[in-house]
1. Cβ contacts < 8 Å: first residue free of Cβ contacts under 8 Å to residues at least 12 places away in the same chain and on the phi > 0 side of the Ramachandran plot, restricted to the stretch 24-52; second residue of a type outside the set (V, I, T) and surrounded by 11 or more Cβ atoms within 10 Å (Cβ to Cβ), any location; separation 6+ or different chain. Result?
2. Can you tell me which condition S40 does not meet? The list is (1) in contact with a strand residue (DSSP E or B) (Cβ under 9 Å, 6 or more places away or on another chain); (2) over 30 Å from L111 (Cα atoms), and all the others hold.
3. Has the stretch 99-115 got any residue that is under 27 Å from K71 (Cβ atoms) and without any contact (Cβ under 8 Å) to a residue 12 or more places away in the chain?
4. What number of residues within the stretch 7-23 are of a type in the set (K, R), in contact (Cβ under 8 Å) with a residue 12 or more places away in the chain and touching a Gly at 6+ places or on another chain (Cβ under 7 Å)?
5. Among the strands (runs of 3 or more DSSP E) lying completely within the stretch 14-129, list those that include at least 2 residues that are surrounded by 12 or more Cβ atoms within 10 Å (Cβ to Cβ) and under 27 Å from the mean Cα position of the chain (by Cα).
6. When you look at G5, is it modelled with pLDDT of 90 or more, over 32 Å from the mean Cα position of the chain (by Cα) and not polar (S, T, N, Q), yes or no?
Amino acid sequence: MNLSGLKPPAGQRRPRKRVGRGMGSGHGKTSGRGHKGQHSVSGFRRMRGFEGGQMPLHRRLPKRGFTNIFKKRYAVVNVARFDRLPGDSFGPEQLLELGVIKKLGDGLKVLGGGELSRPITVRAHLFSVSAKEKIQAAGGSVEVIGAPAG
């Protein structure tokens with residue numbers, strides 16, 4: 001058996017219906033659209049979710065939940081990540097360059113996940129209590145910066 005010999009099962013593939021090709025084709029004149037009505041005109045497009053006039057499912061179901069438009073989205077970095085990075089001073093700009101964070105969002109938050117074995121200086125918008133303790137315990141320093149630019 002080779003790839004050139006492969007064929008679909010009999011009856012699986014059907015020829016395309018060619019409409020509007022004369023009365024002898026069986027799909028001439030109205031091209032299978034019938035007479036009059038919104039479906040017969042060119043440019044007809046049924047609304048997404050349309051159920052023949054019945055109240056659509058997306059309108060029958062109740063609305064749920066709430067989206068807080070004031071929610072802050074911070075770029076998050078754990079303390080252990082700094083141990084594997086070159087250098088001893090880190091800020092949002094350096095972490096963006098190194099690819100540690102993809103985008104800054106509303107600021108940078110440092111969390112206390114993992115351990116830190118060397119003294120470093122970290123500049124960020126927010127620090128968790130455990131992150132502050134771990135950085136200072138390793139002989140480093142933390143610097144809280146203001147609102148992010150942008």
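1. G34/S40; G49/P56
2. (1)
3. Yes, the stretch 99-115 has at least one match.
4. 0
5. 75-78, 108-111
6. Taking the combined requirement at face value, the residue satisfies it.
The values are calculated or read from the model by the stated rules, or taken from the named source; none is laboratory data. Fair warning: this is a prediction, and the values are worked out from it, not measured in the lab. Note that each Cβ is placed from the backbone with ideal geometry, even for glycine, and that neighbours are counted across all protein chains shown.
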